[in-house]
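*Asks:* I have a structure I would like to understand better, so I am pasting it below and will then ask my questions one at a time.
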Amino acid sequence: MITSYNYPAMGDALIIVLAPNVTNPKINQFDNVVAITDSNTNQIIGINVFGMGQQLDIQEDRGQIFLDEKQINQLNQLFKGVGLETELTVSPSKLVVGYVESMQAHPDSDHLHITQTRVTEDKTLQIVSGSPNMAENIKVVVAQPGTMMPSGEIIWDGALRGIDSAGMIVSGRELRLPGAPDKPGALILPETFGEVGEPFDFEKGAQLFEA
């Protein structure tokens, strides 16, 4: 679940993104809640909530926010009260420490590689990467599907040159870390940075490029 909040410049609006956008969405209004649904599958892909900033005790002016269990419960009660049949759950960060277990050349590209990258003890993702420094047996930062990057871009499942890719291996530049080189290349983490599957620590990351 990805959430962003606008207040007051664009109005008191909580924007909840649950799935990629579709070409033919269906809009349903439930009082101060707007549900955006895939008209083909009836899957809810997003929810906009208006006028709830104070009740949810949201202090940030705008941008991505992370809701706690109390706030999630408040929203679920709101949805139930207006007749919207959906329930949110607290989800951990999807931007995590990963480990590239193997890689092979892309069959239709001279610069892309197909990696098998572990993101938890029992979960490995196939991620296509164009990073020139990609290698096996390195720790990296993985934006799993559903990650909102510092730029505001949301990473979803996709395909590169016909090969499925579940997320992205990211660079220090894409994470907007101070001092990160302004050129392509995966951020290769020190072995001691953190365990595979741990959320990426931006405070520790900010020290990686210190002179």
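Every read-out reported here was derived from the displayed coordinates using simple, explicitly stated rules and does not represent laboratory data. Predicted model, so just to flag it, every value in this text is computed and none were measured.
*Asks:* On a 0 to 90 degree scale, rounded to 10, what angle separates helix 69-82 from the longest Cα axis of the chain?
*Replies:* Orientation of helix 69-82: about 40 degrees from the principal axis.
*Asks:* Using only the alpha-carbon atoms of the chain, report the extent along each of the three principal axes, biggest first, to the nearest angstrom.
*Replies:* Over the chain, Cα extents along the principal axes are 52, 42, 32 Å.
*Asks:* By what distance, in whole Å, do the Cα atoms of segment 83-146 stretch along each of the three principal axes, largest value first?
*Replies:* 53, 25, 18
*Asks:* Are any of the pairs LYS123/LYS204; LYS26/LYS70; LYS70/LYS183; LYS139/LYS183; LYS26/LYS204; LYS70/LYS204 more than 31 Å apart by Cα-Cα distance, and if so, which?
*Replies:* Details: LYS123/LYS204 24 Å; LYS26/LYS70 29 Å; LYS70/LYS183 41 Å; LYS139/LYS183 19 Å; LYS26/LYS204 42 Å; LYS70/LYS204 28 Å.
Beyond 31 Å between Cα atoms: LYS70/LYS183; LYS26/LYS204.
*Asks:* Which semi-axes, in whole Å and largest first, does the equivalent ellipsoid of segment 45-92 have when worked out from the alpha carbon gyration tensor as the square roots of 5 times its eigenvalues? Walk me through the numbers on the way to the answer.
*Replies:* On the way: eigenvalues 62, 33, 24 Å².
The answer is 18, 13, 11 Å, longest axis first.
*Asks:* Still on this structure: Given H placed 1.01 Å from N in the peptide plane, which residues other than close sequence neighbours of LEU160 have an amide H under 5 Å from its amide H?
*Replies:* Amide H to amide H, under 5 Å and 5 or more residues apart or across chains, LEU160 pairs with SER165.
*Asks:* Cα convex hull of segment 1-112: how many Å³ per residue? The partial results should precede the final answer.
*Replies:* Values: hull volume 19.8 nm³, N = 112.
Taking the convex hull of the Cα positions in segment 1-112, it is 177 Å³ per residue.
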